[in-house]
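Participant: Shown below is the structure under consideration.
Computed from the coordinates by the stated procedures, all read-outs in this text should not be read as laboratory data. Since we're looking at a predicted model, the values are computed, not measured. Cβ placement follows ideal geometry from the backbone for every residue including glycine, while neighbour counts extend to all protein chains displayed.
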């Protein structure tokens, strides 16, 4: 749907009724300045708000530390056995590949970590994907209209247009959430032999832990209103 950051900027500018569009991502204009200011925060907030296929990634996590008998700083918090480093392109978690629980945290130096009870953990997560042509159409729409909502007031002072843009963006986010919810909906009355042989029971199948998605866009969340 969109093939560049400039096109996302111009979709947003058009949505708020701006006559002047931008010709490049670094254009020295009021429109370009405001779009650059809000683009990354809006993009990342939209990426967190649903599990977008074009931002989905999986990685084997690097172990940083494991729990010992006596807790000390630098070890996982009580209740978790392992502390893992986050992937370099990590933006937001979705689930462990074995569906086990986990919690986010940080070290004393500010490095983001995940704490879990799974050995050799693998994480499904949302990565920060800046490649616009790879985005789902609804992702491009949500980011463009989320950006429109953020720039409507700085450029025109029109709260009504900001609210309308928010609705379009959130509708696109909700469509993505519905698609995710409709995946893997098969109900099992018995565990297949190939799963039972690996120690999987009905309890584990129905005890899937999925990290909550981020919130929808709001006027306060993107600094308008």
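Participant: What is the number of the single condition among (1) touching a residue at least 40 places away in the same chain (Cβ under 8 Å); (2) more than 23 Å from the chain's Cα centre (by Cα); (3) surrounded by 13 or more Cβ atoms within 10 Å (Cβ to Cβ) that residue 55 does not meet?
Facilitator: Every condition holds for residue 55 apart from (2).
Participant: To continue, here is another question. Being crowded, with 19+ Cβ neighbours inside 10 Å and under 24 Å from residue 20 (Cα atoms) is the filter here, so list the residues in the stretch 154-181 that pass it.
Facilitator: Within the stretch 154-181, 155, 161, 162, 165, 166, 169 qualify.
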